[in-house]
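Only one structure is covered here, and it is reproduced in the block below.
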Amino acid sequence: MEDQNSCRGGFENCLNAQQTAASGLIFKEPFLWEKSRDGRCAMSIPMQDVEHSPLDPELVGDAPNLPQLSELDVVRHYTRLSQWNFGVDSGMYPLGSCTMKYNPKTNEVQASRLGFAGAHPLLDEDLCQGALELIYNLEQYLAEITGMDAVTLQPAAGAHGELAGMLTIHAYHAKQGHQRTKIIIPDTAHGTNPASATLCGYQSVNIHSGDNGILTPEAVAAVMDEETAGIMITNPNTLGLFEENIKEIAQIVHAKGGLVYGDGANLNAIMGIVKPGELGIDVIHLNLHKTFTTPHGGGGPGSGPIAVVKALEPFLPVPRVEKIPCSPNPNQSSKERGNNLNNDKNSYKYTLVYDRPDSMGRLLTFHGHFGILVRAYSYILSMGAKGLTDVSKLAVLNANYIKELLKQDFYLPYDRPCMHECVFTDKFQSDNGVTTLDMAKRIMDYGFHPPTVYFPLVVHGAIMIEPTETESKQTIDQFIHAFKSVAQEAKENPEILKSAPHLPKLSRLDEVSAARKPVLRG
Amino acid sequence: MESSNSMNYLPMRYLPHTQQDIKEMLTVIGCKSLDDLFPTIPAEYRIKTEMCLPKPMTEWELNAHISELASKNASSYSNKVFIGAGSYPHHIPSIIPYLISRSEFMTAYTPYQPEISQGTLQGIYEFQTMITELLGTEVATASHYDCGTALAEALLIALRKKKNSKKVAVSSLVHPHHREIIRTYFEPAGYKMVELPATVDGTTDLSYFDEINKSSTGGIDDIAAIAVQSPNFFGCIEDIAQVKAVAESKKIMCITSFTEALAYGLLKKPGQLGADIVVGDGQSLGIAQSFGGPGLGIMTSSKQYVRDLPGRLVGRTKDRRGEDGFVLTLSTREQHIKREKASSNICSNNGLNAMIAGIYMAAVGKIGIRKIAQLNHDKAMFLKTKLEEAGFEIPFKAPFFNEFVVKAPEGFAAKREELKKKGIVAGLDISKYYPTKKFDQNGKSCGQELKNHYLFFATEVFSKDDIEMLAKEVK
């Protein structure tokens, strides 16, 4: 116990009895090139079994000066680096708006099967039926979950899905014969929304949510006109609140010929509860790396499919995957076919269709982030309909539980039932000179990843907590205790917060000088 | 899920809540049941019946199902697939799947909190360093989606930099899918792409720029950039220095792309040849083909464009105790700060694959990358010789790296179908990508000339025996 009373930073008692984190042995690790010694190579080089054919020396450059290391050098380097990171497998990661839930390990096994990992994207159709079948099925499942009519899996990430959605809306208006110039974006929408709209040449019309954090039909009606392509709405919104006027808003937008874009980043709250397609939403993107458990990978790769209503299907990117009946195998008797348990699978084939004259075109070089699609598909098949509905219920249960138990200690700007995340601010703590950032840094010392901070912008000093359904009550109780301790410390010992974090490898980093004099390579 | 508390109730392994937990938590919230948690959703919005999805599978049922689906694909591991065209089989050392599976890398997100993300940050910083070393450029982003999207965004940078310009000139030998992506990205903004034709030797014909010089319309003012791919879609190596010279004379940006990163283990570096922005796909650097994705979009440039680049950058700095460390930097370019004025909307990138490429470059090193690159060229040259012996013609004479076009003898298409049954996929038919293109310098349409043309390639994964077997079978 004595050890715990003196930790880096010189603060006595900066470890609290309720902390789940402790300091431990990690390593310093130089850059790869500092470990390099001429003459090493960590790769098994194949035999030269054909004649050497030198290229014209005019075309040949110097060998790239990559580090020269042994295999153990490389393994130890990346192992040590990994130990400086915090992931979902390390601890609770309540990063609001990012849905940092558990990433099932079987999904990794499925995606790395050689038949998928070794599949070339331009294989003849008859040689990639398994991959096409998976794409087709996953599109059907996501259409069912969202209540939409058609899905494309091509977009590479959420923001790419937003772009796909905007391109769909743009192509739709072009087809109607009158392109529009503006798009409505509420202040509770995701930060990527305005940037996506700009890429399509739309001017953002920013509107404010009402006093209760919910968008009013009047605010939309006041700006919606026949030069406005539509509205981008995040539901549940970034305050973690359900936009209960969504149907009325959709009617207002539709009445003027506009379309409703739904940002589905927060789908984790509503699976099996409501279907966006039944609420008047025309196009919605999903983040498979949020709701559908594919790993976030330290920043990606993700996957951002979009789902659309029937009228928008013609505009989706090509190629589309279609399921068509195929002629029966002539070598098989009808009796054999009848006895075959896989009869359905034998009588259909999957094909890529390019002939879609109104399509926006291609969005990604091949078939989307297929490896990510395999993981999401595996998750859906593991959960089933009831399982996914339970996911949303428990995600909402966890968030409301945290909201109830922390609202005495932290200012809750919108005190109403939340969905899968809740938003506090630092208003109670600011009198002591403690900011959201200080509390975020301090919570690391308790063994938790900080929540999302300073987002959404609509709230000053926001602390956005999204526990997800995969955290147990016991972990959440620890988290609540930790946050309450931080609130206590903010009153009694604000210095310990301002100098936090104390346990991680590094203390707070100087971001200002990093940006002023950028050093971007070694 | 409140339905049963009996021994018959089987908990779903990803959901930790016991019935007792749920009861206690609902009490705190003041709700009677889980369904009461949604009072803000109007009752008429709620769905009345359960979603229609397949019934849940156990882990073991899932294994069987996915194995069956995977077995319906002609994997490069169990077949000889002689198709490159933007996705290449290369040896992937065992340390890559092993290290990249470390959950501290895999289950973290964007390093917004640098104190507990130094592993991702240093790893990406090292990637940025090594990829600029490979390409002879000065700065690299933390990654993009793939080459096609990175190229489209690079062209948008050029269009933003040169006010009033509406057009870019792009080689028709840039991957056809990448040109499709460019069209998709350009359509709403009204930008246009002029496609530069090919010369008879299989490289980009730059004479367009001579002609517009002579013409009175002065169309060049409208062009913001010239983009070529090298090695190009036909596998041929472009003269980047000459492209740069043309770009410089017209004061427009020179952008180059690549789909085969290992080519730069051997070829002159595009940055050193003068390319302003170099984009590419890093799939060859240790990343599984995985039916085409996720790959690794690479975007690098000279320093002067650093504030124009889309996506994340990792920079070096110090912490309060004076220790060296890393942060995401120059984020004022990005969408979450600049919203509608951002340089791009990209948020999530392909970071984990950038980490893979970093591990690959560290493993292969200076010695290995040159050896493997040379071996790719040697194998491809051997394949070319063997195919020529088997009666195939080589229509484009420019030097290539590991990929080249052949004109197949009559009747090859039927033979190719037969070979599929033996686990051999003999090249990619490219006639569909160039249906009506003009392919000679006199401007005569010779669209039919790419009929029966196939793109072949070889990498270090093909043995001499594999190649000889292919040549024997296609004869």
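All of A:MET464, A:MET439, A:MET419, A:MET444 fail the test of being within 30 Å of A:ILE233 (Cβ to Cβ) and outside any loop (DSSP other than H, G, I, E, B), apart from A:MET464.
A quick yes/no check of all residues on (1) closer than 20 Å to B:THR203 by Cβ; (2) outside any loop (DSSP other than H, G, I, E, B); (3) out of contact with any strand residue (DSSP E or B) (no Cβ under 8 Å at 6 or more places or on another chain):
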| position | (1), (2), (3) |
| --- | --- |
| B:LYS244 | yes, yes, no |
| B:ALA247 | yes, yes, no |
| B:ILE255 | yes, yes, no |
| B:TYR264 | yes, yes, no |
| B:LEU285 | no, no, yes |
| B:TYR305 | no, yes, no |
| B:PRO310 | no, no, no |
| B:ARG316 | no, yes, no |
| B:VAL327 | no, yes, no |
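Could you go through region A:346-360 and let me know if any residue there is polar (S, T, N, Q), outside any helix (DSSP H, G or I) and in contact with a His (Cβ under 6 Å, 6 or more places away or on another chain). No, because not a single residue in region A:346-360 is polar (S, T, N, Q), outside any helix (DSSP H, G or I) and in contact with a His (Cβ under 6 Å, 6 or more places away or on another chain).
Just so you know, in region A:104-129 the residues that are crowded, with 24+ Cβ neighbours inside 10 Å and either hydroxyl-bearing (Ser, Thr, Tyr) or touching a strand residue (DSSP E or B) at 6+ places or on another chain (Cβ under 9 Å) (or both) include one that is farthest from A:GLY371 (Cα to Cα), and it is A:LEU123. Scanning region A:361-387 for residues that are crowded, with 22+ Cβ neighbours inside 10 Å, outside any helix (DSSP H, G or I) and among the small types (Gly, Ala, Ser) yields a count of 1. Restricting A:ASP211, A:ASP263, A:ASP187 to residues that are under 18 Å from the mean Cα position of the chain (by Cα), within 26 Å of A:PHE424 (Cβ to Cβ) and among the charged types (D, E, K, R) narrows the list to A:ASP263.
Within the option set B:SER343, B:SER348, B:SER331, being within 30 Å of A:ASP187 (Cβ to Cβ) and either more than 8 Å from chain A (Cβ to nearest Cβ) or at pLDDT 95 or above (or both) holds for one residue only, B:SER343. Give region B:134-179 a look and list any residue that's closer than 19 Å to B:GLY351 by Cβ and among the charged types (D, E, K, R), or say none. Result: B:ASP146, B:GLU153.
Matching residues to (1) farther than 29 Å from B:LEU34 by Cβ; (2) within 10 Å of another protein chain (Cβ to nearest Cβ); (3) modelled with pLDDT of 95 or more; (4) surrounded by fewer than 19 Cβ atoms within 10 Å (Cβ to Cβ):
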position: A:LYS407; (1), (2), (3), (4): no, no, yes, yes
position: A:PRO413; (1), (2), (3), (4): no, no, yes, yes
position: A:ASP438; (1), (2), (3), (4): yes, no, yes, no
position: A:LYS441; (1), (2), (3), (4): yes, yes, yes, no
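Of all residues in region A:468-504, those satisfying the criterion of being surrounded by 22 or more Cβ atoms within 10 Å (Cβ to Cβ), within 11 Å of another protein chain (Cβ to nearest Cβ) and within 23 Å of the chain's Cα centre (by Cα) are A:THR468, A:GLU469, A:THR470, A:GLU471, A:ILE476.
Identify all residues within region B:125-179 that are assigned to a loop (DSSP other than H, G, I, E, B) and surrounded by fewer than 24 Cβ atoms within 10 Å (Cβ to Cβ); write none if there are none. Answer for region B:125-179, where residues must be assigned to a loop (DSSP other than H, G, I, E, B) and surrounded by fewer than 24 Cβ atoms within 10 Å (Cβ to Cβ): B:GLY136, B:GLU138, B:LYS162, B:LYS163, B:ASN164, B:SER165, B:LYS166, B:SER172, B:HIS175. One residue stands out in region A:48-76 among those that are more than 7 Å from chain B (Cβ to nearest Cβ) and closer than 30 Å to B:PRO97 by Cβ: the one that is surrounded by the fewest Cβ atoms within 10 Å (Cβ to Cβ), namely A:LEU72. The residue of region B:173-210 that is nearest to B:ALA150 (Cα to Cα), among those that are within 13 Å of chain A (Cβ to nearest Cβ) and basic (Lys, Arg), is B:ARG179.
For first residues located in region A:138-162 and within 8 Å of chain B (Cβ to nearest Cβ) and surrounded by fewer than 24 Cβ atoms within 10 Å (Cβ to Cβ), partners that are at pLDDT 95 or above and outside any loop (DSSP other than H, G, I, E, B) and lie 6+ apart or on another chain with Cβ distances below 8 Å form the pairs A:TYR141/A:TYR377; A:TYR141/A:ILE380; A:GLY147/A:PRO276; A:GLY147/A:GLY277; A:GLY147/A:GLU278.
For B:SER33, the test of being polar (S, T, N, Q), at the interface with chain A (Cβ under 7 Å from one of its Cβ atoms) and at negative phi is failed. When the criteria are applied in full, B:SER67 meets the requirement of being out of contact with any Ser or Thr (no Cβ under 8 Å at 6 or more places or on another chain), in a helix (DSSP H, G or I) and of a type in the set (Ser, Thr, Tyr). Taking every residue in region A:425-440 that is within 16 Å of A:LYS407 (Cα to Cα) and pairing it with any residue that is basic (Lys, Arg) and modelled with pLDDT of 95 or more, at least 6 positions away or on another chain, the pairs with Cβ-Cβ distances below 9 Å are A:GLN429/A:LYS491. Taking region B:184-225 as the range and being closer than 17 Å to B:GLN242 by Cα, at pLDDT 75 or above and not in a loop (DSSP other than H, G, I, E, B) as the test, the residues that pass are B:LEU196, B:ALA198, B:THR204, B:SER207, B:TYR208, B:PHE209, B:ASP210, B:ALA225. Among the residues of region A:449-467, those that are under 16 Å from the mean Cα position of the chain (by Cα) and within 14 Å of A:LEU406 (Cα to Cα) comprise A:PRO451, A:MET464, A:ILE465, A:GLU466, A:PRO467. Within region A:73-96, the set of residues being in a helix (DSSP H, G or I) and small (Gly, Ala, Ser) comprises A:SER82 only.
In summary, helices (runs of 4 or more DSSP H) completely within region A:97-155 and bearing 3 or more residues that are under 20 Å from A:VAL391 (Cα atoms) occur at A:105-111, A:129-146. Restricting A:ASP431, A:ASP390 to those that are assigned to a helix (DSSP H, G or I), touching an Asp or Glu at 6+ places or on another chain (Cβ under 8 Å) and not assigned by TED's automatic domain parsing to the domain that holds A:ASN212 reduces the list to A:ASP390. Taken over region B:41-77, residues that are more than 7 Å from chain A (Cβ to nearest Cβ) and over 20 Å from A:ASN107 (Cβ atoms) amount to 4. Evaluated against (1) touching a helix residue (DSSP H, G or I) at 6+ places or on another chain (Cβ under 6 Å); (2) of a type in the set (A, V, I, L, M); (3) at the interface with another protein chain (Cβ under 7 Å from one of its Cβ atoms); (4) more than 30 Å from B:PHE234 (Cα to Cα), B:ILE100 falls short on exactly one condition, (3).
For region A:260-282, residues that are part of a loop (DSSP other than H, G, I, E, B) and either of a type in the set (A, V, I, L, M) or within 12 Å of chain B (Cβ to nearest Cβ) (or both) total 9. Taking the stated definitions as given, is A:THR425 surrounded by fewer than 23 Cβ atoms within 10 Å (Cβ to Cβ), over 18 Å from B:ARG320 (Cβ atoms), among the β-branched types (Val, Ile, Thr) and touching a Gly at 6+ places or on another chain (Cβ under 6 Å)? So A:THR425 fits the description; yes.
The values are calculated or read from the model by the stated rules, or taken from the named source; none is laboratory data. These numbers come from a predicted model, not from an experiment. Cβ: placed from backbone, ideal geometry, glycine included. Neighbour counts: every protein chain shown.
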